[in-house]
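Undergrad: Got a structure here, written out as structure tokens. Questions coming.
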Amino acid sequence: MSDYIVTVNSTVDVPKEWLEERNVPFIPLKYTIDGETYQDMLGLSAKEFFTKMREGKMSVTSQVNPDEAKKALEPYVKEGKDILHLAFSSGLSGTCNSMQIAAQELGEEYPDRKIIIVDTLCACMGEALLLYYVLKRKKEGMTIEEAAKWAEENKLHVCHNVTIDDLYHLQRGGRISKTAAVLGSVVQIKPMIHMDNEGKLQVIGKERGRKKSLQKIVEKAAEQSHGRENDLIMITHGDCQEDAEYVAGLVREKLGIHSILINNIGTVIGSHTGPGVVAVFCMGDKR
């Protein structure tokens, strides 16, 4: 059995150190803000990034192109390793398509190697949660084909429960419609968002007030997670650590799960959510 590695895009939004500890290379998307272009995970800190956004600076993101994808993956096939890549949702970015093009070209140039691209239909720490369980299966001895099959069969069980302070950034970036954005225009009405089965963000409701919206995303996760494997819950936030800690406390109380990873949302995903976003990620029966 050939050795294989699991790779991801930077949009997994976990700390670089978390990926390094698990020997998971990441392929970064890019963003431009205040006239400067940076690589996601390698540029501005979350505090620096969201400070600029709060000052009114706009961030524009760009996908990984096929040449960048090929350049990132080729060193591993040259080493004789197969690659399982868990890609950022095709419903939100053309990055997955670029990864697939690169995999096809590399497959022709290195016919003895296997390069499998999984369109996760996930974003942010939803991608990371799928990665966590794929790595677990790899450690248990699954082959690259078995791990890829497991990812395909389980990716729609990764639940994204999100609340956002302001839908403007998502609407501006074309991630939701203008009609949906109107939902967030009323003072103190906080939109509830999830990732649908096509890997796209959908507004599914609203709550009046911040605390209620934070409580709601945990209640939803508690409903979804019943009976599923959940030895780790992930929580992301847009430079609002106290709110994330509050949500973590609710997770411990309502789900009975104490293994929780909290991290700032990444700069590419954060470009579209803006500051103040909070999300809970769990495995569930359905999204």
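Undergrad: Please report Rg (one decimal) and Dmax (integer) in Å for the Cα set of the chain.
TA: 18.4, 59
Undergrad: On to the next question. Under a crude label model (7 Å from the Cα following the beta-carbon direction), how far is LYS212 from GLU17 in nanometres?
TA: So the label points at LYS212 and GLU17 sit 3.9 nm apart.
Undergrad: Now a separate question. Counting other C-beta atoms within 10 Å, which of ARG252, ARG54 has the fewest, and how do the rest follow?
TA: So the ranking, lowest neighbour count to highest, is ARG54, ARG252.
Undergrad: I'd like to know which of SER93, PHE50, GLY266 lies farthest towards the positive end of the charge dipole of the chain, counting +1 on Cβ of Lys and Arg and -1 on Cβ of Asp and Glu.
TA: Positive-most Cα among the choices belongs to PHE50.
Undergrad: Continuing with this model, one more query. Give me the orientation-averaged projected area of the Cα convex hull of the range 51-101, in nm², one decimal.
TA: Computing the convex hull of the Cα atoms and averaging its projections yields 5.0 nm².
Undergrad: Right, something else. Among DSSP bridges having both ends in the chain, what percentage is antiparallel? Round to the nearest 5.
TA: Expressed as a percentage, antiparallel bridges in the chain total about 60.
Undergrad: Within 10 Å of each residue's Cβ, count the other Cβ atoms and sort ILE262, ILE189, ILE269, ILE27 from fewest upward.
TA: Ranking ILE262, ILE189, ILE269, ILE27 by Cβ neighbours within 10 Å, fewest first, gives ILE189, ILE262, ILE27, ILE269.
Undergrad: Check ILE115: other-chain or 5+ apart residues with amide H under 5 Å from its amide H, H built from backbone geometry?
TA: Counting only residues 5 or more places away or on other chains, the set is ILE83.
Undergrad: For a footprinting-style exposure proxy, rank HIS157, HIS226, HIS85 by other Cβ within 10 Å, fewest first.
TA: With the fewest neighbours first, HIS157, HIS226, HIS85 line up as HIS226, HIS157, HIS85.
Undergrad: Can I ask one more? Taking only Cα atoms and a 10 Å spring cutoff, compute GNM fluctuations for the chain and point out the largest among SER213, SER45, SER225.
TA: Looking only at SER213, SER45, SER225, the largest GNM fluctuation is found for SER45.
Undergrad: Still on this model: Between HIS226 and ASN197, with labels modelled 7 Å along Cα→Cβ, what's the label distance in nm to one decimal, could you check?
TA: Taking the simple label geometry, HIS226 and ASN197 are separated by 2.1 nm.
Undergrad: If you add up the charges near ALA222, with Lys and Arg at +1 and Asp and Glu at -1, over every other residue whose beta carbon is less than 13 angstrom from its beta carbon, what do you get?
TA: +1
Undergrad: While we're looking at this one, here's another question. Tell me, what is the Rg over Rh of the range 4-155, with Rh the Kirkwood radius over Cα pairs?
TA: We get a ratio of 0.99 for the range 4-155.
Undergrad: Here's another thing I want to ask about it. With a cut-off of 8 Å between alpha carbons and a minimum separation of six or more residues, what is the relative contact order of the range 187-287 in percent?
TA: Over the range 187-287, the number comes to 33 percent.
Undergrad: Let me check against my output: what whole-number percent is the relative contact order of the chain, with C-alpha pairs under 8 Å and at least 6 apart?
TA: Computed over the chain, the figure is 21 percent.
Undergrad: OK, next. Beyond 28 Å between alpha-carbons counts as too far, so tell me which of LYS47/LYS70; LYS16/LYS190; LYS30/LYS216; LYS149/LYS216; LYS155/LYS220; LYS47/LYS136 fall in that bin.
TA: Beyond 28 Å: LYS47/LYS70; LYS16/LYS190; LYS30/LYS216; LYS149/LYS216; LYS47/LYS136.
Undergrad: Continuing with the same structure: Taking 35 Å as R0, compute the FRET efficiency from the Cβ-Cβ separation of GLU253 and GLU140 and round it to 0.05.
TA: That gives a FRET efficiency of 0.70.
Undergrad: Please identify the GluC sites (Glu not before Pro) of the range 186-287 that satisfy two criteria: DSSP loop assignment and at most 12 other Cβ atoms within 10 Å. Which are they?
TA: Taking the range 186-287 and a limit of 12 other Cβ atoms within 10 Å, the loop GluC sites (Glu not before Pro) found are GLU198, GLU229.
Undergrad: Another one. Suppose every K and R has +1 on its Cβ and every D and E has -1 on its Cβ; what is the size of the dipole of the range 4-155 about the Cα centre, in Debye to the nearest 20?
TA: With only Lys, Arg, Asp and Glu charged at Cβ, the dipole is about 340 debye.
Undergrad: Dipole of the chain, Cα-centred, from +1 at each Lys and Arg C-beta and -1 at each Asp and Glu C-beta, to the nearest 20 debye?
TA: About 1040 debye.
Readers should treat all values here as calculations from the given coordinates under stated rules, not as data from a laboratory. Not measured: the values here are computed from a predicted model. Methodologically, a virtual Cβ is constructed for each residue, glycine included, from the backbone with ideal geometry; neighbour enumeration extends over all protein chains shown.
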